Amino acid sequence: MKILTFVATLCLLASAPLGAADVKPPPGFRALFNGKDLAGWFGLNPHSLAKLQGEKKTAKVAQERADFTKHWSVENGELVNPGTGPYANTTEEFGDIELLIDYKTVAKADSGIYLRGTPQVQIWDKNQAYDPKKADRKPHLGSGGLFNNTAGAPGRDPLVVADKPFGDWNSFRIRQIGARTWVWLNGQLVVDGAVMENYWDRKLPLPAKGPIMLQTHGGEIRWRNIFVREIGADEARRILAASPAK
C-alpha cells in the first residue's frame, strides 16, 4: 500500500501544472511572470491612446486596465490571450536588458514584443503567402524582425527563418542596448545589432526606458518563461565595443 501511495504521488507531481515555485530564471535573470497570476502586469494598447488627450485619454487608460483580466489569464503556468483586448504591459520600465521569453501561437495570428513601449519584435505565421499588394508585410520571412522600422532598414526583416511548426514553443533571446537590438529566435541570430526606430516619432531617439508589452492581435498566443536581466553600463560598453555599428 505504501508503495502504491508513493507511486501515485509521483504521478500527481509529474502531471501537476507549473506554478510560481516552478518558475526558475537562469543565473543572473529574474522572472517577470510568476506562472501563477497576473501580478506585475496591466492592460494597455498604446495605439488606442495615440490621438487621445485629457479626460478621454484618462478614461481609456482606466477602461483598458479594467478589461485586462477579461482577456488575459493563466493556464498551466502560461500567460494566455485569445487574440483580443489590450496588450499585456509590465508595471516596471526597462532600459538596457537581455530578455528571454517563450511563445506559442496559431495560424494567421500576428503578434509581437514591444521594447520600451515601442513596436516591435515581430511574431508572424510564416506559412502566410507574400501578398505584393501588401509589400511591407513579409510573413514568409519569419519572425523576429523589427517590423516597425522603415522598410529596407537594417533589422526590418529577419536574417533567417527560424520559426518552429505550430504546436511547438518558440524561444526568443532579445538584447537591447540603447536603440541597438539583437534578436535570437530558437538559437538563431535573426537581428544583428540593428537600431530600433522610434515608431511614435522617428525624428526622436528611442526612449531611455519603457515597459515591455506583449501584443495580442488576431489569434491565440501563449507565453511562458519570461525572464529579464538588466545590463549595466560597463557591460553595455564592452558589448558595443565588440559589435561596431553596421
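Every number in this text was worked out from the coordinates using simple rules, so none of it is lab data. Nothing here was measured: the structure is a model prediction, and the numbers come from that model. Cβ placement follows ideal geometry from the backbone for every residue including glycine, while neighbour counts extend to all protein chains displayed.
If you model segment 127-246 as an ellipsoid using its alpha carbon gyration tensor, with each semi-axis the square root of five times an eigenvalue, the axes come out at 24, 19, 15 Å, biggest first. Amide H contacts of A194: T181, each under 5 Å away and 5 or more positions distant or on a separate chain (H built 1.01 Å from N in the peptide plane; Pro and chain starts excluded).
For T58 and R202, the difference between the fully extended length at 0.36 nm per residue and the C-alpha to C-alpha distance is 49.3 nm.
What is the distance in Å between the Cα centroid of segment 163-235 and that of segment 68-103? Taking the Cα centre of segment 68-103 as reference, the centre of segment 163-235 is 13 Å away.
Remind me, relative contact order of the chain in percent, using alpha carbon pairs under 8 angstrom and six or more residues apart?
The normalised contact order for the chain reaches 25 percent.
Put a dot 7 Å past the Cα of Q188, heading toward its Cβ, do the same for S243, and the two dots end up 1.9 nm apart. Whole-Hz Karplus values for segment 152-162 come out as x, 6, x, x, 4, 10, x, 6, 9, 8, 10 Hz, taken residue by residue from phi with 6.51 cos²θ - 1.76 cosθ + 1.60 and θ = phi - 60°; glycine and proline positions read x.
Ranked by the mean number of other Cβ atoms within 10 Å per residue, highest first, peptides 232-241, 49-58 order as 232-241, 49-58. Its residue count N fixes a reference of 2.2 N^0.38 Å for segment 108-174, and the Cα radius of gyration divided by that reference is 1.07. Checking the cross-link pairs K104/K126; K57/K104; K104/K138; K104/K133; K51/K203; K108/K164 against a 25 Å limit on the alpha carbon distance flags K57/K104; K104/K133 as lying beyond it.
Eigenvalues of the alpha-carbon gyration tensor of segment 19-242, scaled by 5 and square-rooted, set the equivalent ellipsoid semi-axes at 23, 21, 21 angstrom, largest first.
Within the straight-line cut-off of under 18 Å between alpha carbons, the aspartates and glutamates reachable from K56 are E64, D67, sequence neighbours fewer than 8 places apart in one chain being disregarded. Helix 54-71 and the longest principal axis of the C-alpha atoms of the chain enclose an angle of approximately 30°. Between F166 and A129, the contour length at 0.36 nm per residue exceeds the alpha carbon distance by 11.7 nm.
For segment 28-151, the Kirkwood estimate of hydrodynamic radius, built from reciprocal distances between every pair of different alpha carbons, is 16.4 Å. Under 17 Å of direct C-alpha separation, and excluding same-chain neighbours fewer than eight residues apart, K36 reaches these lysines: K24, K70.
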